[in-house]
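Okay, structure first, notes after.
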Amino acid sequence: MSMLLTVCFDMGEGLLFATGFAALTTILRMQRPKWHFIAHDCDSGTFKETKKKNLELVAGNVCIFRMDAPLIFTSIDRFTTAVWQSVKTWERSKAESFVTMEQMDTLFVNDIFEKKARAAHMETAREDRCRLVIDCSGFPYVDYLGLTTLKTTVMDLIAANVQTYLVVQRGELRKLFEITDFYDAIERERVFEKLEDAVMPTENRC
């Protein structure tokens with residue numbers, strides 16, 4: 001794009017437009033960051049990105065979420081929405097995986113999925129729902145509002161019976177946890193340095 005702009009305009013105007021375009025795309029990416037699920041390969045022990053349509057193939061009951069963007073004031077709303085959407089999508093996919101062939105033959109498949117998801121939610125109202133692991137390695141930077149949002153979101157998830165854990169590899173973020181009131185609200189036992197350390201204890205089966 002920079003080359004195209006410098007060709008269409010003179011050098012000065014081309015570089016100016018290219019800089020503006022790069023800044024605009026950066027802002028847009030920060031406001032609409034990508035998030036995805038991470039799956040644990042039980043055979044190799046590795047973790048890899050998984051498409052939402054393949055969630056029913058993921059073994060175990062641990063939902064691993066990661067958002068690749070700074071957790072700052074421009075992305076906190078997106079982060080909160082994405083986390084809750086990941087929980088809903090995960091639980092819905094697990095409910096759908098238990099639909100019988102007879103039910104699939106009916107004309108109300110979507111209704112069945114919705115009823116099963118609601119039933120699963122009601123059954124777990126007094127019990128733990130899915131285990132959620134938030135991989136914070138996708139955050140290159142976290143500001144004060146981002147840290148507050150992370151703390152509040154985890155508290156809300158736990159209150160909703162979604163057992164939530166954090167993977168924090170960056171020393172800067174771990175230091176923020178220490179010098180703020182983060183650990184006054186979130187138990188230290190919910191924070192891990194490695195993804196496998198957070199996933200293994202929470203998996204019922206693999």
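Being at pLDDT 90 or above, surrounded by fewer than 20 Cβ atoms within 10 Å (Cβ to Cβ) and of a type in the set (D, E, K, R) is the requirement here; does D128 meet it? Please lay out each step first, then the result.
On the way: at pLDDT 90 or above: no; surrounded by fewer than 20 Cβ atoms within 10 Å (Cβ to Cβ): yes; of a type in the set (D, E, K, R): yes.
So D128 fails the test.
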**Prompt:** Would it be correct to say that V162 is in a loop (DSSP other than H, G, I, E, B), modelled with pLDDT of 85 or more and within 23 Å of D77 (Cβ to Cβ)?
**Reply:** yes
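Of the residues T89, T80, T50, T46, which single one is surrounded by fewer than 19 Cβ atoms within 10 Å (Cβ to Cβ), under 21 Å from R190 (Cβ atoms) and of a type outside the set (G, A, S)?
T80
The values are calculated or read from the model by the stated rules, or taken from the named source; none is laboratory data. Everything numeric in this text was worked out from a predicted model, so none of it was measured. Ideal geometry is used to build each Cβ from the backbone, glycine not excepted, and the neighbour counts take in all protein chains shown.
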